[in-house]
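Student: Please see the structure below; I have some questions.
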Amino acid sequence: MRNLIKIIFFTTALLLLQSQITNAQNADTAQKIIPGRVNSIEQQKKPYVILISADGFRYDLADKYQATNLIKLRNKGVAASYMQSCYPSLTFPNHYSIVTGLYPSHHGIVDNTFYDEQKQAVYSLGNKKAVADSSWYGGTPLWVLAEKQKMLTASFYWVASESAIQGIRPTYYYIYGEAIPIEKRIEAVKNWLQLPDQKRPHLITFYFPEVDHQEHRFGPDSKETAEAVHFVDESVSKLVKTVDSLHLNVNFIFLSDHGMTSIDTVATLSLPASIDTNKFTVLPALSLLHLYAKDTNDVQPTYKALKKEAHDYDVYLTTNTPAQWHYSKKDDVYNRLGNIILVPHLPKVFNIRHRHVPAAEHGYDPSITEMHASFYAWGPEFVQHKKIPGFENVHVYPLITKVLGLKYTGPIDGRMRVLDPILKRKK
């Protein structure tokens, strides 16, 4: 375990750096195709859904930076006041919640980086091997559900789409990287939708990283973030116009995984003195620290000491976290939450390695306004000119299954009744 801690602390930054180098220089840009699959006759008659995620596209960014195309598209369809992320409001847990209808504690991706005691291993978004390992992922992603029911799917990036969950990947997919220009990505979607009926995907996922990148680097109020919002806005418009020219029954959902907020980059929080790293595994993070006890007898004394010491952060045993987070030991299906978690108060972040921190961050309580995400939907299956109140992102899963006419039998946290009113009534 002690060696594991050293490896974690030393390699996390290297993994991220290596990932960036790989993306830039040695990116795998080839489309992957699973051979031998076809749509059933029944599925060939179904509508189409393109699920678009713009990472970090906070609920107010379209209006803040006048994303004219997105505003026009949402106005002719459905616009939510906001979409609420799951806790923690981080990229990997929430992208996977959107496509499984499960809270992170129920699908297993409980953080961007976390420890699994049974595996004696760490999952990290920068570790390509772990990301592609299906044993980390619970639930049934939308593409797995569809493929099992003889409906073809495609993914131009999404968390877990590269992994053979339950032995199944999308029929068409790409390994994540940022080397493929947007024009080529839109062309790929067009090519998919021009395939013969038997080979044409009815569910397509599509991902934009640009807004999140620029927010982290320069903050949500920066000109760089404004430019990224306009890039996404123009790209979505090009994608929609390209798809519309094919005259298919295509429905679009545009959403994001979380919001973003500026943080205190100077007076950051160090690892509290009460934490003995010989007794706890602590993974480096900013907006949430998990403390994994090597001996559970050390939990209560450390918790009590932390409660006395705490300033600018909250201390929770994971047996008594806020119920609305669905992030407690009783929820923890895969036993991946720490015994104790530390949650900084905005605008504070932990900086336990004393490195440069970004200009902005997320991961905080999803009820905080700055953490709210976006949700818009338009197309032949959706009602027009409708505004709806905020809702939790786990409800997107049953919405998409209903549009595509898919059946799910496994337990999910999402409920169809929440978003059913945004669908047109069948005559």
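No value in this document is a laboratory result; all are computed from the given coordinates. Only a predicted model underlies this, so the values are computations on that prediction, with no experimental measurement involved. Here the Cβ is made from the backbone with ideal geometry for all residues, glycine too, and neighbour counts use every protein chain on show.
Student: Please list the non-local residues whose amide H lies under 5 Å from the amide H of SER85, H modeled 1.01 Å from N, same-chain partners needing a gap of 5 or more.
Tutor: So SER85 has HN proximity to ALA373.
Student: To continue, here is another question. How large is ³J(HN,Hα) for each residue in the range 344-352, as worked out from phi by the Karplus curve 6.51 cos²θ - 1.76 cosθ + 1.60 (θ = phi - 60°), to whole Hz, x for Gly and Pro?
Tutor: Those phi angles translate into x, 7, 3, x, 7, 9, 7, 9, 6 Hz.
Student: Excluding ASP55 itself, what net charge comes from residues whose Cβ is under 10 Å from its Cβ, given Lys and Arg +1 and Asp and Glu -1?
Tutor: On the way: positive: none; negative: GLU210, ASP212, GLU215, ASP257.
Neighbour charge sum, excluding ASP55 itself: -4.
Student: On a full-extension model of 0.36 nm per residue, what is the gain between ILE34 and ILE71, subtracting their alpha-carbon distance, rounded to one decimal in nm? Show your work: numbers first, answer last.
Tutor: Details: separation 37, 0.36 × 37 = 13.32 nm, distance 3.68 nm.
Fully extending the segment from ILE34 to ILE71 adds 9.6 nm.
Student: Still on this model: So which aspartates and glutamates pass the test for LYS128, namely a Cα distance under 13 Å, with those fewer than 8 places away in the same chain ruled out?
Tutor: ASP28, GLU162
Student: Ok, one more. Just to confirm a number: summing +1 for Lys and Arg and -1 for Asp and Glu over residues other than LEU317 whose beta-carbon lies under 11 angstrom from that of LEU317, what do you get?
Tutor: On the way: positive: LYS304, LYS307, LYS329; negative: none.
Overall, the nearby charge balance is +3.
Student: Hey, how many Å between the Cα centroid of the range 265-332 and the Cα centroid of the range 353-422?
Tutor: 29
Student: On a full-extension model of 0.36 nm per residue, what is the gain between ASP312 and LYS386, subtracting their alpha-carbon distance, rounded to one decimal in nm?
Tutor: Details: separation 74, 0.36 × 74 = 26.64 nm, distance 4.07 nm.
Extra length from ASP312 to LYS386 when fully extended: 22.6 nm.
Student: Please list the equivalent ellipsoid semi-axes of the chain, computed as the square roots of five times the alpha-carbon gyration tensor eigenvalues, in descending order and whole angstrom. Each step should come with its number before you reach the end.
Tutor: Values: eigenvalues 260, 104, 88 Å².
Three semi-axes, in Å: 36, 23, 21.
Student: Among the aspartates and glutamates, select those whose C-alpha is under 12 Å from the C-alpha of LYS46, and discard any that sit fewer than 8 residues away in the same chain.
Tutor: Within reach: ASP197, GLU381.
Student: On full extension of the chain, what length is gained from LYS424 through GLU42, given 0.36 nm per residue of separation minus the C-alpha to C-alpha distance?
Tutor: Values: separation 382, 0.36 × 382 = 137.52 nm, distance 2.11 nm.
Once the chain is fully extended between LYS424 and GLU42, it gains 135.4 nm.
Student: Quick check: net charge around GLU224, other residues with Cβ under 13 Å of its Cβ, Lys/Arg +1 and Asp/Glu -1?
Tutor: Working: positive: ARG217, LYS223; negative: GLU210, ASP212, GLU215, ASP221, GLU227.
Surrounding charge for GLU224 is -3.
Student: Another question about this same structure. For the cross-link pairs LYS190/LYS386; LYS119/LYS329; LYS32/LYS402; LYS45/LYS387; LYS190/LYS223, which exceed 20 Å when the distance is taken from alpha carbon to alpha carbon? Write down the numbers at each step before the final one.
Tutor: On the way: LYS190/LYS386 28 Å; LYS119/LYS329 18 Å; LYS32/LYS402 28 Å; LYS45/LYS387 29 Å; LYS190/LYS223 32 Å.
The answer is LYS190/LYS386; LYS32/LYS402; LYS45/LYS387; LYS190/LYS223.
Student: At most 11 other Cβ atoms within 10 Å and a DSSP loop assignment: could you name the trypsin sites (Lys or Arg not before Pro) in the range 321-362 that fit?
Tutor: Numbers: sites: LYS329, LYS330, ARG336, LYS348, ARG353, ARG355; in loops: LYS329, LYS330, ARG336, LYS348, ARG353, ARG355.
Loop-located and lightly packed - LYS330, ARG355.
Student: Can you give the Rg and Dmax of the range 106-207 based on its C-alpha atoms, in angstrom?
Tutor: 14.9, 47
Student: Ordered by residue, what ³J(HN,Hα) values in Hz, to whole numbers, does the range 104-116 give under the Karplus form 6.51 cos²θ - 1.76 cosθ + 1.60, where θ = phi - 60° and Gly and Pro are x?
Tutor: With coefficients 6.51, -1.76 and 1.60, one gets x, 5, 9, 9, x, 8, 7, 6, 5, 9, 7, 10, 10 Hz.
Student: Can you compute the helix-only [θ] at 222 nm over the chain? Use -39500 (n - 2.57) per DSSP H run of at least 4 residues, normalise by all residues, nearest 500 deg cm²/dmol. Intermediate values should be presented prior to the final figure.
Tutor: Details: 14 runs with 132 residues, N = 427.
One gets -9000 deg cm²/dmol as the mean residue ellipticity at 222 nm.
Student: What is the distance, in nm, between label points placed 7 Å from the Cα along the Cα-to-Cβ direction at GLU178 and at GLN166?
Tutor: Computed distance between label sites GLU178 and GLN166 equals 3.3 nm.
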